[in-house]
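> One structure, as C-alpha cells, below. Some questions next.
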Amino acid sequence: MGSGAEPGRGRDVSEMRVTVVGGGLAGISAALACADAGAKPTLVEVRPRLGGAAYSFERDGMVLDNGQHVFLRCCTAYRALLARLGSDSATVLQRRLAIPVLAPGGRIEWLRRSALPAPLHLAPALARYGHLSAGGRARAARAALRLSRLGLDDASLDERTFGDWLAAQGQGPRELEALWNLIALPTLNLPAAEASLAMAAFVFQTGLLHDAASGDVGFARLPLSSVHGEPAERALRAAGVAIHLGWRAERIEALPGRTLAVESRDESVESDAVILAVPHRRAASLLPPGALEEPSRLDRLGASPIVNLHVLYDRRVTDLEFAAAVRSPVQWVFDRTRAARAADGQYLAVSISGAERESRMSGDQLRRRFLPALAELFPRARGAGVERFEVTREHAATFRAAPGVAGLRPRARTGVPGLALAGAWTDTGWPATMEGAVRSGLAAAREALGAPPPARVAEAVA
C-alpha cells in the first residue's frame with residue numbers, strides 16, 4: 001500500500017511502484033524511463049503483444065505491417081528509443097533527404113536536399129521540380145520562406161487551416177497536390193485544407209525548413225514487430241519491468257493514502273503512481289473523477305483514419321524503395337518484399353492518410369481504384385499479375401489535427417496526484433507520430449516520478 005506521501009515527492013524513487021497501462025510506444029517509453037530511474041514498474045496491455053499501433057502480423061506465410069511508419073532524423077526521442085531497444089539496426093535512415101515523386105505515366109521528379117544550409121538546402125530541388133510550373137515553383141518557394149518565419153508560439157495559428165493560409169500565399173490546388181500535401185498528409189493525417197496551421201507550421205519548420213538534415217527519411221527494413229514489440233519486451237524484462245499481456249484495464253481508482261488502483265474484471269494492481277498510455281477515447285473511460293477538468297475534450301479530439309493496401313505482384317514492378325505520388329489516389333508506396341519474406345514477385349504497401357473516403361470503401365472497390373492507379377505510376381505493373389490484394393484499416397489511427405486541436409490536448413499532469421497521461425494525443429507539441437508518442441511517455445514518467453528524468457532520457461529530447 002502507499003506510504004501517504006505524494007508519489008515521487010519526499011520519498012526515494014526506488015521505493016515507488018508505477019503501473020503503466022498500455023504497451024504502445026508511449027507506454028514502453030514510460031516504463032523504461034521509470035525503470036531507468038530506479039522505480040518498480042508494472043506494464044499491463046490488453047493485447048497479447050507490445051507495440052501498439054505499429055505492429056506486424058502473419059498471413060498465409062507473409063509478414064505484413066499494419067501500416068507504414070516512417071520517421072525523420074529530427075525524431076531524436078524515437079531514435080533514442082530504438083537504440084535503447086537495440087533495434088536501430090533494423091531501420092534505415094537516409095544519409096541525405098531524397099524523395100522520388102511519381103506521376104501517372106511513370107514520370108519521376110526528386111525532392112533532394114543539397115549541401116547548402118537551411119532553408120536554402122531545398123532550393124535547387126524546388127527549382128527543378130517538374131511537377132510544378134516555373135511560376136508555381138517560385139510561388140511555392142516564397143510561401144516556404146514565409147512559413148519558416150511563422151512564430152510557433154502564436155496561438156492564432158491554431159484558429160485557421162493550413163490550406164487557407166497557403167491560399168493567401170498564392171498556392172492553388174496544383175501546388176497543394178504536388179507539394180504541400182506530400183508532407184501534410186502523412187505527418188498530420190489530414191490534407192492541408194483541413195489541418196491546423198499551427199500543426200503544419202511545426203511540421204514544416206521542424207522537419208524541413210530550420211535544419212538541413214532534419215528531414216532525412218527513416219523507415220523499418222524489418223517487420224515492425226521486430227523493430228518495436230519484440231525487442232521492447234526483451235528490454236523491459238531486462239530492466240525489471242513486470243509485463244502482463246492480455247490484461248484489460250477496466251478503471252482507475254484513487255484509494256486512501258494516495259494509492260492508485262488499476263482494476264480489471266478479476267484483479268487489481270495497486271501502486272504509488274499510474275501512467276495511462278492508451279488511445280484518447282479509451283482513456284476517457286478509465287479516468288477517475290477529477291482527473292481532467294473537462295473530460296469531454298478527449299472525445300472532441302476526434303479521429304482520422306489510415307488505410308493500407310498490400311499488393312503482391314508476380315514480378316518486380318519498381319526498383320524504388322519508396323515513393324510519393326501526385327495526381328493519383330496513391331499517396332505513398334513502399335517496397336516491403338524483403339521485410340515480408342515474400343518468396344517471389346514484389347510486395348508493395350500503399351499508405352493512404354486522411355482516408356475518410358477509402359475507409360468506407362470495400363476491398364473490391366479499393367482494388368478497382370488502386371490497381372490501375374499503381375499501373376499508371378509503375379509502367380512495369382501493367383503486365384504483371386496480382387497474386388494478393390489485402391486491406392488493413394485503422395479507423396481511429398490518430399486524433400484529428402484540425403484547427404482548435406491545441407486547446408484540446410491535455411498535458412501529462414492530471415488532477416489526481418500520481419496519475420499521468422501519455423500518448424501521441426497529449427500535449428507534446430508534436431503531431432500524432434511515433435516521436436510524439438515516445439516524448440509523451442518520457443513526459444509522463446517525469447510527472448509520475450516527480451523527479452528529473454535519467455540522463456539518457458534528457459539527452460533524447462534535448
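The values are calculated or read from the model by the stated rules, or taken from the named source; none is laboratory data. All values reported here derive from a predicted model rather than from experimental measurement. Positions of Cβ are backbone-derived with ideal geometry, glycine not excepted, and every protein chain shown enters the neighbour counts.
> Surrounded by 14 or more Cβ atoms within 10 Å (Cβ to Cβ), among the aromatic types (Phe, Trp, Tyr), assigned to a loop (DSSP other than H, G, I, E, B) and out of contact with any Cys (no Cβ under 6 Å at 6 or more places or on another chain), is that true of TYR129?
The answer is yes for TYR129.
> Pairs, please: C-beta under 8 Å, at least 6 apart or cross-chain, first residue within 20 Å of TRP165 (Cβ to Cβ) and in contact (Cβ under 8 Å) with a residue 12 or more places away in the chain and in segment 402-417, second assigned to a loop (DSSP other than H, G, I, E, B) and among the basic types (Lys, Arg)?
Hits for this filter: PRO403/ARG160.
> Sticking with this one: Tell me, please, whether a residue that is over 17 Å from VAL203 (Cα atoms), of a type in the set (A, V, I, L, M, F, W, C), at pLDDT 95 or above and in a helix (DSSP H, G or I) can be found in segment 143-160.
Taking every residue of segment 143-160 in turn, none turns out to be over 17 Å from VAL203 (Cα atoms), of a type in the set (A, V, I, L, M, F, W, C), at pLDDT 95 or above and in a helix (DSSP H, G or I).
> Just to check your reading of the model, which residue among GLY246, GLY218 is closer than 30 Å to PRO48 by Cα, modelled with pLDDT of 95 or more and in the same structural domain as LEU25 (by TED's automatic domain parsing)?
Of the residues listed, the single one that is closer than 30 Å to PRO48 by Cα, modelled with pLDDT of 95 or more and in the same structural domain as LEU25 (by TED's automatic domain parsing) is GLY246.
> Can you name the residue in segment 341-359 that is of a type in the set (A, V, I, L, M) and crowded, with 22+ Cβ neighbours inside 10 Å and, of all such residues, is farthest from VAL217 (Cα to Cα)?
ALA355
> Could I ask something else about it? Right, VAL274: modelled with pLDDT of 95 or more, part of a strand (DSSP E or B) and within 28 Å of the chain's Cα centre (by Cα) or not?
Yes; evaluated as a whole, the condition is true for this residue.
> Scanning for something among the aromatic types (Phe, Trp, Tyr), assigned to a strand (DSSP E or B), within 22 Å of the chain's Cα centre (by Cα) and at pLDDT below 95, does segment 68-75 turn up at least one residue?
Looking through segment 68-75, none of the residues is among the aromatic types (Phe, Trp, Tyr), assigned to a strand (DSSP E or B), within 22 Å of the chain's Cα centre (by Cα) and at pLDDT below 95.
> From the list ARG128, ARG149, which residue is farther than 23 Å from PRO431 by Cβ and basic (Lys, Arg)?
None of the other options fit; the residue is ARG128.
> Assuming HIS280 fulfils every condition listed in (1) in the same structural domain as ALA30 (by TED's automatic domain parsing); (2) without any contact (Cβ under 8 Å) to a residue 60 or more places away in the chain; (3) buried (at least 18 other Cβ atoms within 10 Å of the Cβ) apart from one, which condition is it?
Status for HIS280: all satisfied but (2).
> Output the strands (runs of 3 or more DSSP E) that fall wholly within segment 310-375 and possess 3 or more residues being within 26 Å of the chain's Cα centre (by Cα) and under 26 Å from GLY61 (Cβ atoms), or say none.
Hits in segment 310-375: 332-335, 346-353.
> Do you know which residues across segment 425-441 are touching a Pro at 6+ places or on another chain (Cβ under 8 Å) and crowded, with 24+ Cβ neighbours inside 10 Å?
Within segment 425-441, TRP425, THR426 qualify.
> Hey, can you tell me all the residues within segment 292-309 that are closer than 24 Å to ARG59 by Cβ, of a type outside the set (A, V, I, L, M) and in contact with a helix residue (DSSP H, G or I) (Cβ under 9 Å, 6 or more places away or on another chain)?
Passing the criteria: only PRO305.
> Would you confirm whether or not segment 379-387 contains a residue that is more than 20 Å from ASP65 (Cβ to Cβ), among the charged types (D, E, K, R) and not assigned by TED's automatic domain parsing to the domain that holds ARG248?
Within segment 379-387, one or more residues are more than 20 Å from ASP65 (Cβ to Cβ), among the charged types (D, E, K, R) and not assigned by TED's automatic domain parsing to the domain that holds ARG248.
> Filter segment 284-301 down to the residues that are crowded, with 16+ Cβ neighbours inside 10 Å and at positive phi and list them by number.
The answer is none; no residue qualifies.
> Which of the residues spanning segment 243-277 are within 20 Å of GLU233 (Cα to Cα) and either free of Cβ contacts under 8 Å to residues at least 24 places away in the same chain or in contact with a helix residue (DSSP H, G or I) (Cβ under 7 Å, 6 or more places away or on another chain) (or both)?
ILE243, ALA249, ILE275, LEU276, ALA277
> If you check VAL262 against the conditions, is it over 26 Å from the mean Cα position of the chain (by Cα), at negative phi, of a type in the set (Val, Ile, Thr) and not assigned by TED's automatic domain parsing to the domain that holds GLY441?
no
> Inside segment 159-215, can you point out the residues that are charged (D, E, K, R), in contact with a strand residue (DSSP E or B) (Cβ under 9 Å, 6 or more places away or on another chain) and buried (at least 18 other Cβ atoms within 10 Å of the Cβ)?
Listed by number, the list holds a single entry, GLU194.
> Please work out if GLY51 is closer than 24 Å to SER353 by Cα, small (Gly, Ala, Ser) and surrounded by 16 or more Cβ atoms within 10 Å (Cβ to Cβ).
For GLY51, the condition - closer than 24 Å to SER353 by Cα, small (Gly, Ala, Ser) and surrounded by 16 or more Cβ atoms within 10 Å (Cβ to Cβ) - is met.
> A further question follows. For segment 286-299, check the following and say yes or no: at least one residue is in contact with an Asp or Glu (Cβ under 8 Å, 6 or more places away or on another chain) and either of a type in the set (A, V, I, L, M) or not in a loop (DSSP other than H, G, I, E, B) (or both).
The answer is yes, given that some residue of segment 286-299 is in contact with an Asp or Glu (Cβ under 8 Å, 6 or more places away or on another chain) and either of a type in the set (A, V, I, L, M) or not in a loop (DSSP other than H, G, I, E, B) (or both).
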